[in-house]
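The values are calculated or read from the model by the stated rules, or taken from the named source; none is laboratory data. On a predicted model such as this, the values are computed, not experimentally measured, just so you know. We place every Cβ from the backbone using ideal geometry, glycine too, and count neighbours over all the protein chains shown. Keep in mind that these areas ignore ligands, DNA and RNA; they rest on the heavy atoms of the full protein, side chains included. Shrake-Rupley method; radii C 1.70, N 1.55, O 1.52, S 1.80 Å.
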Amino acid sequence: MKKVYPKEDVCIGCRLCEIHCLVQHSKSKDIIKAFKKEFPRALKRIRVEEKRPVSFAVQCRHCSDAPCVAACLTGAMSKDERGAVLHNPDKCIGCWTCIMVCPFGAIQTDKRGKRIVAKCDLCPGEETPVCVVHCPNRALVYEER
């Protein structure tokens, strides 16, 4: 299965991956509307960690033996036919067990007042996730390893 992998040696910490992820998950899919007119704002499913001179993007690695899926009490975390780990917010009860067991720290809390989580979904409907497409330095790659 193809997954997104970071290349910290070329990441400059520009955070364009975060911006384009937020826009992709917005209602309008328009950058201006997503940031200035949509409230609550959509959630980005990727975050850039930065400690100069090193920076890199953190997002779900869609583990083949995903601990978050095994730990989820309600079945909100599941794997699809591709092997991607997906989150169903309608089933999520906000226990955050998935956050505690994720070895990559890639699952985030929804800080918009809802007690659920958000994680990378590999941009369903897109051939390549938008974070990879819009990375100016190609610090994110989408490949099978």
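Tabulated values for the structure
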item: Condition met for residue 123 (touching a helix residue (DSSP H, G or I) at 6+ places or on another chain (Cβ under 8 Å) and either part of a loop (DSSP other than H, G, I, E, B) or of a type outside the set (S, T, N, Q) (or both)); result: yes
item: Search result, residues across the range 69-81 that are in contact with a Lys or Arg (Cβ under 8 Å, 6 or more places away or on another chain) and either under 17 Å from residue 45 (Cβ atoms) or not in a loop (DSSP other than H, G, I, E, B) (or both); result: 69, 76
item: Counted residues, the range 121-142 - those being within 25 Å of residue 88 (Cα to Cα), open to solvent by less than 80 Å² (accessible area, probe 1.4 Å) and in contact with a strand residue (DSSP E or B) (Cβ under 9 Å, 6 or more places away or on another chain); result: 7
item: Test for residue 41: is it basic (Lys, Arg), open to solvent by 50 Å² or more (accessible area, probe 1.4 Å) and out of contact with any Leu (no Cβ under 9 Å at 6 or more places or on another chain); result: no
item: Number of the condition not met by residue 26 [criteria: (1) among the polar types (S, T, N, Q); (2) touching an Asp or Glu at 6+ places or on another chain (Cβ under 6 Å); (3) closer than 24 Å to residue 144 by Cβ]; result: (3)
item: Criterion: closer than 23 Å to residue 128 by Cα and touching a residue at least 24 places away in the same chain (Cβ under 8 Å) - qualifying residue of 84, 66; result: 84
item: In the range 44-82, the residues that are closer than 22 Å to residue 142 by Cβ, of a type in the set (Gly, Ala, Ser) and surrounded by 13 or more Cβ atoms within 10 Å (Cβ to Cβ); result: 55, 57, 66, 78
item: Output for the range 83-113, where each listed residue is in a loop (DSSP other than H, G, I, E, B), more than 24 Å from residue 145 (Cα to Cα), open to solvent by less than 70 Å² (accessible area, probe 1.4 Å) and of a type outside the set (D, E, K, R); result: 88, 89, 92, 94, 95
item: Extreme residue, nearest to residue 110 (Cα to Cα), among residues of the range 1-34 that are over 13 Å from the mean Cα position of the chain (by Cα), touching a residue at least 12 places away in the same chain (Cβ under 8 Å) and outside any loop (DSSP other than H, G, I, E, B); result: 34
item: Options 138, 115; residue that is basic (Lys, Arg) and at pLDDT below 95; result: 115
